[in-house]
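Bear in mind these aren't lab numbers, they're just calculated from the coordinates by the rules spelled out. These figures come from a predicted structure and were not determined experimentally. Here Cβ is always computed from backbone atoms with ideal geometry, including for glycine, and neighbour counts include all displayed protein chains.
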Amino acid sequence: MKPLYLASIPKSKRPLFVPDFAAESILDVDFAAIRKLGVKHLLIDLDLTLRKKMTRKLEPAIIEYLTITMKKHGFSSLNIASNNMLDLSGYGNSIKAKVFQPFWKRLVLIRKPHRLFFDRITKTLGADPKECVMIGDKLRGDVFGGNQAGMYTVHVKPKGQDYWYDLILFTRYRERRSLSRHHKK
């Protein structure tokens, strides 16, 4: 995991889509460094961060790694923060994680990156946002939402191929273009 050079700039002075750290995958995140920052709660995106699209179970290596990480570094909670509307309890149970999904408030569907989505998580966990890290593959939903809420953020490369809607919307192209404007060459 590498800190991004803009991470030394306060969040209030840099674009919200710029993460604090970047890693190749969830297996490459330096959880010891994150714990030293005072982080107690891990929020991890499910789709393309923990699993490839259309898979019904987490890989045994991911389950083992997260289980060991929780014990080794003494994090208070492991959580899945997903925009997926399907029943994700099986994924949560496999890693002993609480699952946070979109919810309705009046007639509005609240999901990442909406501030209320992250506020609900911190309120449920009884945590200060600075005690949380959001780890995900999307700059808009995961990184922007986490930064906006005042959390630390880690951007990981997606596991496997993108969903059809990301291809149509050129999501990865737009993310690379946005980040390239804010990184040293």
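Ranked highest first by average number of other Cβ atoms within 10 Å, how do 133-140, 69-76 line up?
For the peptides 133-140, 69-76, the packing ranking is 133-140, 69-76.
At what distance in nm do the modelled label points of residue 130 and residue 33 sit from each other, each positioned 7 Å from its Cα along Cα→Cβ?
Computed distance between label sites residue 130 and residue 33 equals 2.0 nm.
What dipole magnitude, in Debye to the nearest 20, does segment 15-180 give about its Cα centre under +1 on Lys/Arg Cβ and -1 on Asp/Glu Cβ?
For this selection, approximately 340 debye.
Quick one: compute the contact order of the chain, relative version, from alpha carbon pairs under 8 angstrom and 6+ residues apart, as a percent.
Relative contact order of the chain: 29 percent.
Once Lys and Arg get +1 and Asp and Glu get -1 on their Cβ, which of 147, 134, 94 lies farthest toward the positive end of the dipole of the chain?
147
How are the alpha carbon pair distances in the chain distributed across 10 Å bins from zero to the largest one, expressed in percent?
Computed distribution, short to long bins: 9, 40, 39, 12, 0.
Springs between alpha-carbon atoms under 10 Å, Gaussian network over the chain: tell me which of 51, 172, 106 tops the mean-square fluctuations.
Of 51, 172, 106, the most mobile in the Gaussian network model is 106.
Using the beta-carbon distance between residue 73 and residue 24 and R0 = 22 Å, what value does 1/(1 + (r/R0)^6) give for FRET efficiency, to the nearest 0.05?
Rounded to the nearest 0.05, the efficiency is 0.70.
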